[in-house]
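Below: the structure, in structure tokens.
The values are calculated or read from the model by the stated rules, or taken from the named source; none is laboratory data. This structure is a prediction, so every number in the text was calculated from the model and none was measured. Every residue, glycine as well, gets a Cβ built from its backbone with ideal geometry; the counts of neighbours run over all protein chains shown. Side chains are part of the model used for accessible areas, which takes the heavy atoms of the whole protein and leaves out ligands, DNA and RNA. Shrake-Rupley method; radii C 1.70, N 1.55, O 1.52, S 1.80 Å.
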Protein chains: 2
Amino acid sequence: MIPKSHPRYESLLLRDKMVKASKEGYLADSAMIAHGRGEAFDYLIGEKTTYPAKRAMYVAVAALLLSNNPVISVNGNATALACDEIIELAKSVDAKIEINLFYRTDDRVKIITKLYEDHGFKDILGTLDDDIEYLNDIKNNRASASKTGIYSADTILIPLEDGDRAEILKKSGKNIITIDLNPLSRTSKMSDVSIMDNIVRAIPFMTKIAEDLKTQEKSVLIELVNDFDNEENLKESLEQIKLKE
Amino acid sequence: MIPKSHPRYESLLLRDKMVKASKEGYLADSAMIAHGRGEAFDYLIGEKTTYPAKRAMYVAVAALLLSNNPVISVNGNATALACDEIIELAKSVDAKIEINLFYRTDDRVKIITKLYEDHGFKDILGTLDDDIEYLNDIKNNRASASKTGIYSADTILIPLEDGDRAEILKKSGKNIITIDLNPLSRTSKMSDVSIMDNIVRAIPFMTKIAEDLKTQEKSVLIELVNDFDNEENLKESLEQIKLKE
């Protein structure tokens with residue numbers, strides 16, 4: 001048990017979730033390393049959601065609500081940190097959830113499938129018995145996608161995605177939204193909307209935004225999306241990183 | 001195999017070493033997360049040894065050479081990344097090596113002991129059959145130290161040390177040198193000499209410095225140590241972190 005008084009309490013709780021997930025066997029070998037990188041960047045922004053991140057979240061939710069077939073892509077890390085929150089967001093914006101693993105193994109897919117089902121989301125895609133297609137005619141696991149999910153999606157939310165995989169998704173012509181604490185990562189740079197935030201803060205916040213934006217005219221959502229400049233917003237995100245004590 | 005052309009080649013090699021060590025069973029549960037945090041900071045300094053880090057290394061080596069009983073404290077991460085390099089430095093400055101684990105288990109100690117022995121260093125301390133004392137009368141594993149090693153040391157090099165453990169060592173009145181990529185960490189702030197660098201670059205560089213400083217008068221080494229201001233040097237280290245592309 002971590003004492004609540006510990007100066008790194010919130011961060012240590014997430015660390016425990018990752019250690020637990022690692023023991024349950026559904027993380028990639030280097031998943032904990034990726035988490036550590038995120039920790040460092042989160043520390044540098046003061047572990048708070050910044051204004052540019054909030055702006056990007058409004059645009060992201062608008063884009064998800066405007067899409068015909070939005071999909072939330074989940075991997076081991078996203079599941080370990082925010083399984084319930086992802087399910088809530090998916091329901092709120094009417095998006096599918098697809099298991100999409102850079103290091104795909106049957107075991108990992110099985111465990112993650114069961115987790116979403118146990119947490120109340122039965123129609124998870126990218127499972128072992130799903131129809132799998134290959135993006136951009138790249139016939140390997142890194143380009144695999146569910147036929148009714150990512151393969152035919154117009155907008156994909158990819159929290160914590162690897163750069164190589166993000167590149168394949170981007171090249172397939174889809175609208176890409178990422179949640180990534182590193183504003184300099186290839187995934188952040190490649191995406192159409194890049195939210196520099198911790199997913200445990202961002203995803204519940206996006207669900208709240210969705211409840212608001214669903215009451216707005218479609219034209220408002222379109223304007224939100226059209227007015228957004230991701231490159232400019234990433235620059236502003238970068239400026240939020242404080243190096244002074 | 002990682003292709004040498006990969007933009008993150010060096011970093012991925014280290015990641016592979018960590019994954020291998022994890023499978024060999026001698027890392028702490030959250031060791032990979034700590035490695036990831038280091039990766040992020042290394043990325044932000046351009047994965048190069050900075051001038052303030054070099055200055056701190058000269059001071060650190062001078063302090064080690066001036067000490068009566070210098071000890072290099074090693075944990076799982078340091079061993080995974082730089083076992084041979086640590087042995088070379090220890091021989092060069094005539095320091096002991098002691099296994100010093102924040103999450104100490106017999107299994108981890110056994111595997112790490114064997115690694116150093118297999119790599120040619122037979123007199124490793126902190127092993128299962130070593131005489132163990134407790135620093136500051138704190139009777140738990142976090143304060144344990146070898147009687148002839150850290151317990152009686154005057155100067156300790158603690159690469160990649162946890163903040164809680166660093167605090168115990170500092171309070172015991174020892175001269176503390178750390179190698180830590182995060183200049184804002186508690187360990188960095190608490191140490192007498194803080195080297196903001198990747199240990200795979202810093203430790204071989206310190207061995208080279210030792211070969212140079214060993215040919216100098218003792219008064220030169222004393223001057224190096226006395227002229228050094230760690231707080232000021234940490235500030236300069238922090239300024240090396242570049243956030244622009």
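Worth a mention:
- B:Asp129 being part of a loop (DSSP other than H, G, I, E, B), farther than 27 Å from B:Pro183 by Cα and of a type in the set (Asp, Glu): yes
- Considered as a group, the residues in the stretch B:112-133 that are more than 14 Å from B:Ala78 (Cβ to Cβ) and among the hydrophobic types (A, V, I, L, M, F, W, C) include one that is modelled with the lowest pLDDT, and that residue is B:Ile132.
- Positions within the stretch A:23-45 being open to solvent by 40 Å² or more (accessible area, probe 1.4 Å), in contact with a Ser or Thr (Cβ under 9 Å, 6 or more places away or on another chain) and free of Cβ contacts under 8 Å to residues at least 40 places away in the same chain, in sequence order: A:Tyr43
Table: residues versus (1) of a type in the set (Lys, Arg); (2) assigned to a loop (DSSP other than H, G, I, E, B).
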residue: B:Glu47; (1), (2): no, yes
residue: B:Lys54; (1), (2): yes, no
residue: B:Ala62; (1), (2): no, no
residue: B:Asn68; (1), (2): no, yes
residue: B:Ala82; (1), (2): no, no
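- The residues of the stretch B:214-232 that are out of contact with any strand residue (DSSP E or B) (no Cβ under 7 Å at 6 or more places or on another chain) and among the polar types (S, T, N, Q), listed by number, are B:Thr215, B:Gln216, B:Ser219, B:Asn226.
- Residues that are surrounded by fewer than 24 Cβ atoms within 10 Å (Cβ to Cβ) and within 14 Å of chain B (Cβ to nearest Cβ) occur in the stretch A:81-88; there is at least one.
- When residues in the stretch B:46-55 are screened for being surrounded by fewer than 23 Cβ atoms within 10 Å (Cβ to Cβ) and closer than 17 Å to B:Leu157 by Cβ, 3 of them pass.
- Evaluation of A:Lys235 against the conditions (1) more than 19 Å from A:Asn68 (Cβ to Cβ); (2) outside any loop (DSSP other than H, G, I, E, B); (3) open to solvent by less than 50 Å² (accessible area, probe 1.4 Å) shows that the sole unmet condition is (3).
- From the list B:Ile176, B:Ile156, the one residue that fits, being touching an Asp or Glu at 6+ places or on another chain (Cβ under 7 Å) and away from every other protein chain (no Cβ under 14 Å), is B:Ile176.
- Given (1) in a loop (DSSP other than H, G, I, E, B); (2) open to solvent by 10 Å² or more (accessible area, probe 1.4 Å); (3) on the phi < 0 side of the Ramachandran plot, number of the condition B:Leu101 does not satisfy: (2)
- Hits in the stretch B:121-146 (condition: open to solvent by 40 Å² or more (accessible area, probe 1.4 Å) and under 22 Å from B:Leu89 (Cα atoms)): B:Lys122, B:Asp123
- Lone unmet requirement of (1) open to solvent by 10 Å² or more (accessible area, probe 1.4 Å); (2) outside any helix (DSSP H, G or I) for A:Tyr58: (2)
- Within the stretch B:68-80, tally of residues that are open to solvent by less than 10 Å² (accessible area, probe 1.4 Å) and in contact with a Leu (Cβ under 7 Å, 6 or more places away or on another chain): 6
- Any hit, the stretch A:203-213, residues being crowded, with 21+ Cβ neighbours inside 10 Å, touching a strand residue (DSSP E or B) at 6+ places or on another chain (Cβ under 9 Å) and either within 14 Å of chain B (Cβ to nearest Cβ) or part of a helix (DSSP H, G or I) (or both): yes
Yes/no per residue for (1) basic (Lys, Arg); (2) in contact with a Lys or Arg (Cβ under 6 Å, 6 or more places away or on another chain); (3) under 16 Å from B:Ile99 (Cβ atoms); (4) not in a helix (DSSP H, G or I):
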| site | (1), (2), (3), (4) |
| --- | --- |
| B:Asn136 | no, yes, no, no |
| B:Ala166 | no, no, no, no |
| B:Ile176 | no, yes, no, yes |
| B:Leu181 | no, no, no, yes |
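- Among the candidates B:Ala78, B:Ala34, B:Ala40, B:Ala21, residue that is away from chain A (no Cβ under 13 Å) and either among the aromatic types (Phe, Trp, Tyr) or in a helix (DSSP H, G or I) (or both): B:Ala78
- Checked against (1) touching a residue at least 24 places away in the same chain (Cβ under 8 Å); (2) within 18 Å of A:Asn75 (Cα to Cα); (3) in contact with a strand residue (DSSP E or B) (Cβ under 8 Å, 6 or more places away or on another chain), A:Asp192 passes all but condition (2).
- When we screen B:Lys91, B:Lys96 for residues that are loosely packed, with under 15 Cβ neighbours inside 10 Å, away from chain A (no Cβ under 14 Å) and under 19 Å from B:Asp123 (Cα atoms), the only hit is B:Lys91.
- Of all the listed residues (B:Leu65, B:Leu12), the sole one being farther than 25 Å from B:Val109 by Cβ, more than 14 Å from every other protein chain (Cβ to nearest Cβ) and either surrounded by 19 or more Cβ atoms within 10 Å (Cβ to Cβ) or not acidic (Asp, Glu) (or both) is B:Leu65.
- Annotation note: of A:Leu135, A:Leu184, the sole residue that is within 26 Å of A:Ile45 (Cα to Cα) and free of Cβ contacts under 8 Å to residues at least 60 places away in the same chain is A:Leu184.
- Of all residues in the stretch B:83-113, those being closer than 17 Å to B:Lys214 by Cα, in contact with a helix residue (DSSP H, G or I) (Cβ under 8 Å, 6 or more places away or on another chain) and hydrophobic (A, V, I, L, M, F, W, C) number 3.
- Just so you know, in the stretch A:186-197 the residues that are in a loop (DSSP other than H, G, I, E, B) and in contact with a Phe, Trp or Tyr (Cβ under 9 Å, 6 or more places away or on another chain) include one that is most open to solvent (accessible area, probe 1.4 Å), and it is A:Asp192.
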